[in-house]
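All of the numbers you see were taken from the coordinates with simple rules; none came from a lab. Everything quoted here is computed from the prediction, not taken from an experiment. Ideal geometry is used to build each Cβ from the backbone, glycine not excepted, and the neighbour counts take in all protein chains shown.
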Amino acid sequence: MQNDSDLKQVSSNIKVQPLYLDRRLGDWRLCLDDSLRFLFHAWQTGWVGLPALIESCINFLKLNEQGQTQTSVKLLAVAQQVAVQIEADCNSNFKKYEPQYHNRLHFACVLTTLTLQIAIESERCQPEDSTWPAALILIALTHDLNHTGRVNQFSSEIEQLSFNALHPYLQEHDIPIKWVERIQHVILLSDFLLVKENHNRIAGVQFSWNIDWAVVLLNESDIMISVSEEFGPGLGLALAKEWKKNALSIGDFIGTQEGRKGFLKNTIFSSDSAIVLGAVEAQKRQLNL
């Protein structure tokens, strides 16, 4: 459980305990917003833990019920093992510094957003089996694994460290080299400075379950909550504090209104699922203020 004041302010505005990944009302946006409210509330009042969230995402996508492959089973096992280890590391007496933005809450928000994007895209383009959805669940959890709270000094520096931390788990579970390389590729291209190039690669290309679109879905889920009018400002302040704590001068700018507008102007969404979840509308509303 964390006590960051900026994130706590978001939680204090939540009056009713929201539901996590509940689509009974049939509205994707409501499902995402309630799920994120659930996560922020839990972060301040009693963290549910990444293993439970992984299990909820797997059940929501019915990954244990259809199209399972040997590889997807292994990938989900890796995700569950890493989730347990992250929580153990953060709850131990020897807990390392957990960044104010790139922390378990961020992992959970990306995991949740990407789970809903997988579900939406699957309605429009059914995957052949569960391997890509399983891989994306793992990638969402680990794309910022062991994040330093700093910024890259060269392209994909921190992303490479995250993959390096994940790699032993992939080896332990005998993940096929083809999928190891795909996972590495997607994680490395989550560097924010590479996002425009990633979107350019799929411009005018219909969605399909391949590595280029996987990169874009991760890029979108990584920042979609920060575009949100409800959650974004508080997260921006948390990121500013994270960078200031690491003596990064950019932290003085990112938490300002001008800094937020700059972030919104440089944000790109290309997928149908991002449109369905309201990210494009939220971006436009704030830029037109």
What are the residues in region 183-225 that are within 18 Å of Glu159 (Cβ to Cβ) and touching a Lys or Arg at 6+ places or on another chain (Cβ under 9 Å), if any?
Ile211, Asp212, Ala214, Val215, Val216
Could you list, in sequence order, the residues of region 139-184 that are under 20 Å from Glu242 (Cα atoms) and acidic (Asp, Glu)?
Asp144, Glu157, Glu159
Consider Ser130 carefully, then state whether it is more than 19 Å from Glu220 (Cα to Cα), touching a Ser or Thr at 6+ places or on another chain (Cβ under 9 Å) and not aliphatic (A, V, I, L, M).
yes
So Thr148, is it in contact (Cβ under 8 Å) with a residue 24 or more places away in the chain and not acidic (Asp, Glu)
yes
Just wondering, is there one or more residues in region 166-179 that are within 30 Å of Asn288 (Cα to Cα) and surrounded by 20 or more Cβ atoms within 10 Å (Cβ to Cβ)?
no
List pairs: first in region 261-281 and closer than 14 Å to Val215 by Cα, second among the aliphatic types (A, V, I, L, M) and outside any helix (DSSP H, G or I), Cβ under 7 Å, 6+ apart or cross-chain?
Ser270/Ile202
Can you name every residue in region 19-42 that is farther than 17 Å from Phe107 by Cβ, surrounded by fewer than 21 Cβ atoms within 10 Å (Cβ to Cβ), in contact (Cβ under 8 Å) with a residue 60 or more places away in the chain and of a type outside the set (Asp, Glu)?
Trp28, Arg29
